[in-house]
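Student: The following block contains the structure, expressed as C-alpha cells.
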Amino acid sequence: MFSVEIEDLHKRFGRNRVLKGVNLRIKKGEITAILGPNASGKTTLIKCILGLVIPTSGRITVMGYDTRRGVEYRRLIGYMPQIARFPENLTVRELINMVKDIRGEGASEEYYINLFGLERFLDKPLSVLSGGTRQKVNATLAFMFDNAMYILDEPTVGFDPVASTHFKDELIKLKNRGKSIVFTSHIMGEVEDLADRVVFLLGGRIRFDGTPQQFKEQTGENTLERAIARLMEEAGIENGV
C-alpha cells in the first residue's frame, strides 16, 4: 500500500539540523505535494529518498527496499530535477539514447517526444535549447521508463501552457495506473489541481499532512495559497514556498 515509509528521519549538516524527526508514508496511486518555505528541509527530504543525501539517523523504505542497504531501488524512480545538468555537446537524441543504454530497458520515448513536441529538436545540441525545451527533455527522461514512482522538483517551471497541460494530464494518467507521484511546486493553483495530499514542512518538521481541503479548513482560508500564508505568518516566516 505504501511506496515510501520514512521513520524518525534526521539530517544534520554540521551544526545545522535540517530534518528533525520526519515521519511520513506515501501511498501508491497518490499524488503528494511536498511544500514549505525556503530552508524548510523539503529538498533535503527528497534527496534522502533518492539516496543523494545520507540521513544522520532514521529509516527510509522505498518499495520495500531499505535505502541504507544499496541503491538498486533507484531504478524504480523517475526523477525530474528542477535544473537538470546535461552534457551540453550532446544532441537530444544522443542524450535519450545514452540514458536508455544506461538503464538497459525498454522505454516509451517516442510517445513523450511527440507529446512535448521535441521532434524538431532531436538533432540539436542541448547547448542551443531554450530553458523550456530543456525542461521538456527533462520530463521525457523522467517519464519514458515504466517506473513505480516519480519524484518531480518544480516540474512545470519554464513550460508553456500547452506543455504544462500535457504534463498535468500525464500525471493524472500515471496516478490512475497506480504510480506514486511526489512533487514540489511554488504554483499553488497547480497543487490544488493535482495533489491528493499536501505535506507542509517548517523548520525541518512536518506541520501539516492531509488534503488541500483539510489544509484550508484547518486555517479557515478559502485558497491553499492563503492557507499556507496563514500558517507561515503564525510561525513568523515570511519567505515563499
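Rule-based calculations on the coordinates, nothing more; no lab input. Owing to the predicted nature of the structure, the values given are computational and were not obtained by experimental measurement. Positions of Cβ are backbone-derived with ideal geometry, glycine not excepted, and every protein chain shown enters the neighbour counts.
Student: Which far-off residues, 5 or more places away or on another chain, put their amide H under 5 Å from the one on residue 152, with H placed in the peptide plane?
Tutor: Residues meeting the amide H criterion: 80, 182, 183, 184.
Student: Let me ask something else. If you put +1 on each Lys and Arg Cβ and -1 on each Asp and Glu Cβ, how big is the dipole of region 1-52 around its Cα centre, in Debye rounded to 20?
Tutor: The dipole of region 1-52 has a size of about 240 debye.
Student: Quick one: check the C-alpha center-to-center distance for region 48-91 versus region 96-160, whole angstrom.
Tutor: Each part's Cα centre sits 18 Å from the other's.
Student: On to the next question. Counting only C-alpha contacts under 8 Å and six or more residues apart, can you give the relative contact order of the chain as a whole percent?
Tutor: 27 percent
Student: Report the antiparallel proportion of the DSSP beta bridges in the chain as a percent, rounded to a multiple of 5.
Tutor: 60 percent
Student: I would also like to ask the following. With +1 on each Lys and Arg Cβ and -1 on each Asp and Glu Cβ, and nothing else charged, work out how big the dipole of the chain is about its Cα centre, in Debye to the nearest 20.
Tutor: 860 debye
Student: In terms of Cα to Cα distance under 24 Å, which lysines are near enough to residue 42, apart from those fewer than 8 places away along the same chain?
Tutor: The reachable lysines, counting only those whose Cα sits under 24 Å from residue 42, are 11, 20, 27, 28, 136, 168, 175, 179, 216.
Student: Let me ask something additional. What's the ranking of 183-196, 114-127, 135-148 by average number of surrounding C-beta atoms within 10 Å, highest first? Walk me through the numbers on the way to the answer.
Tutor: Details: 183-196: 18.1, 114-127: 15.2, 135-148: 21.4.
In descending order of packing, they fall as 135-148, 183-196, 114-127.
Student: Now for a separate question. Please report how far the C-alpha centroid of region 1-38 lies from that of region 165-221, rounded to the nearest whole angstrom.
Tutor: For region 1-38 versus region 165-221, the Cα centre distance is 14 Å.
Student: So how strong a dipole does region 99-241 carry about its Cα centre when Lys and Arg Cβ are +1 and Asp and Glu Cβ are -1, to the nearest 20 debye?
Tutor: Working: 17 positive and 23 negative charges, 43 e Å.
My answer is approximately 200 debye.
Student: Would you compute, from DSSP H runs of 4+ residues alone, the mean residue ellipticity of the chain at 222 nm, taking -39500 (n - 2.57) per run and dividing by the full residue count, rounded to the nearest 500?
Tutor: -10000 deg cm²/dmol
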